[in-house]
Amino acid sequence: MKLRLLAAALAATVVLPLGIANAADLEVTHWWTSGGEAAAVAELAKAFDATGNHWVDGAIAGSGGTARPIMISRITGGDPMGATQFNHGRQAEELVQAGLMRDLTDVATKEHWKDIIKPSSLLDSCTIDGKIYCAPVNIHSWQWLWLSNAAFKTAGVDVPKNWDEFVAAAPALEKAGIVPLAIGGQPWQSAGAFDVLILSLAGKDTFLKVFGDKDEAVAAGPEMAKVFKAADDARRMSKGTNVQDWNQATNMVITGKAGGQIMGDWAQGEFQLANQKAGVDYSCLPGLGVNAVIATGGDAFYFPLLKDAEKSKAQEALASTLLDPKTQVAFNLKKGSLPVRGDVDLAAANDCMKKGLDILAKGDVVQWTDQLLSADSQKQKEDLFSEFFANPSMTPEEAQKRFADIIASAD
């Protein structure tokens, strides 16, 4: 998106001076539409409604890839919502640079966000030219392998403890009529799974050289060749998935139709909704059981500039509510994510969430690709891996060459 295309919309969304403190209806757009996600969103809505304002739910089905263009189009077209979800990172960068998003620095300063939001990289992702433009709400990490204990029991093999054991168990699962690895048809799922393979199997240094330094030589090198071999294994193990949405793939694990799924910790919301217990009905391997590093990705809310003073005041109330300790606990327990506040009590966390909290406490974290790559580079990567997983005739070597080209031109 070129900034000159946004200029016409700027005049239509200039904020008026604040001063009216009455309650207001505030439309909030997001792409949280699965069962577990809806339960988590309900906690945010309940907390915001308790301020005397009203959460008007603007859920957009189809995941972020579908929702973000709609959200951006509304903001640039002069029909902004009151608040909107984006992932931590650079997805709203051009909207901010065009002057279409609200500066939250005053709210953040008043409520000491720099002191309570951990790790600090979350707030850094909200900061452009020294000003804070979003309210982080959670830490979502992609780096998990979720396993159906029942599937492995049916197949007569032990629940794997790492990626290699998982690959070795695939023939037994297939013999039992179970898909080893569930990966849905949405492009972001295959691209995300590949990113997890890089961090988990090649390690943090290689991951950061590729996505942080945009090092084409490393992307084309032998360490990454090993990752593409693992991606080829993943492609072979996932060939019988035949579902589109990520939560449908998660349901295959829940019902024992699939042995496992590489997916972010938001999958826990689906397990919880199905009354499954971590460590009993399902198991989780952070870093695929190889390299227990998690990314500090996740979600934040941005606030477009509005003409209506009452709604503008309600935006401040929502930003404050999102970071409230009680809201953080209620929301993240339902969502399966970790809180952005370092001072909240999560004694009710399940075994898998506790693993994530332990990794976070040790500082074994890294910025995720949403924070390191532009939206355009991310889209190119999604297109490549969507094709790779759908087309068995594309060799790992061909895919690696194309990947290295993407990294060479990434911004």
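The values are calculated or read from the model by the stated rules, or taken from the named source; none is laboratory data. What you are looking at is a predicted structure, and each value in this text was computed from that prediction instead of being measured. No Cβ is skipped: glycine too gets one built from the backbone with ideal geometry, and neighbour counts run over all protein chains shown. Please note that ligands, DNA and RNA were not included when accessible areas were found on the heavy atoms of the full protein model with its side chains. Shrake-Rupley method; radii C 1.70, N 1.55, O 1.52, S 1.80 Å.
Note on segment 234-276: residues that are within 18 Å of Val196 (Cβ to Cβ) and surrounded by fewer than 19 Cβ atoms within 10 Å (Cβ to Cβ) total 1. Residues in segment 267-285 that are farther than 24 Å from Gly240 by Cα, of a type outside the set (S, T, N, Q) and either touching a strand residue (DSSP E or B) at 6+ places or on another chain (Cβ under 6 Å) or in a loop (DSSP other than H, G, I, E, B) (or both): Lys277, Gly279, Val280.
With the condition kept exactly as written, say whether any residue in segment 106-114 is in a strand (DSSP E or B), surrounded by fewer than 17 Cβ atoms within 10 Å (Cβ to Cβ) and not small (Gly, Ala, Ser). Within segment 106-114, none of the residues are in a strand (DSSP E or B), surrounded by fewer than 17 Cβ atoms within 10 Å (Cβ to Cβ) and not small (Gly, Ala, Ser).
Here Ala151, Ala172, Ala168, Ala182 are screened, and the one residue that is under 30 Å from Gly89 (Cα atoms) and either hydrophobic (A, V, I, L, M, F, W, C) or touching a residue at least 40 places away in the same chain (Cβ under 8 Å) (or both) is Ala182. Taking first residues from segment 267-287 that are within 17 Å of Gly35 (Cβ to Cβ) and partners that are among the basic types (Lys, Arg) and open to solvent by 10 Å² or more (accessible area, probe 1.4 Å), the Cβ contacts under 7 Å between residues at least 6 apart in sequence or on separate chains come to Gly269/Lys334. Listed by first and then second residue, the pairs with beta-carbon distance under 6 Å, at least 6 apart or on different chains, first residue in segment 221-234 and under 14 Å from Val167 (Cα atoms) and assigned to a helix (DSSP H, G or I), second of a type outside the set (Phe, Trp, Tyr) and open to solvent by 40 Å² or more (accessible area, probe 1.4 Å), are Val227/Leu201; Ala230/Leu201. Entry remark, segment 302-338: residues being touching a helix residue (DSSP H, G or I) at 6+ places or on another chain (Cβ under 7 Å), open to solvent by less than 10 Å² (accessible area, probe 1.4 Å) and not in a helix (DSSP H, G or I) number 5 in total.
Looking only at residues of segment 235-266 that are in a loop (DSSP other than H, G, I, E, B) and polar (S, T, N, Q), we find that the one that is farthest from Ala172 (Cα to Cα) is Gln244.
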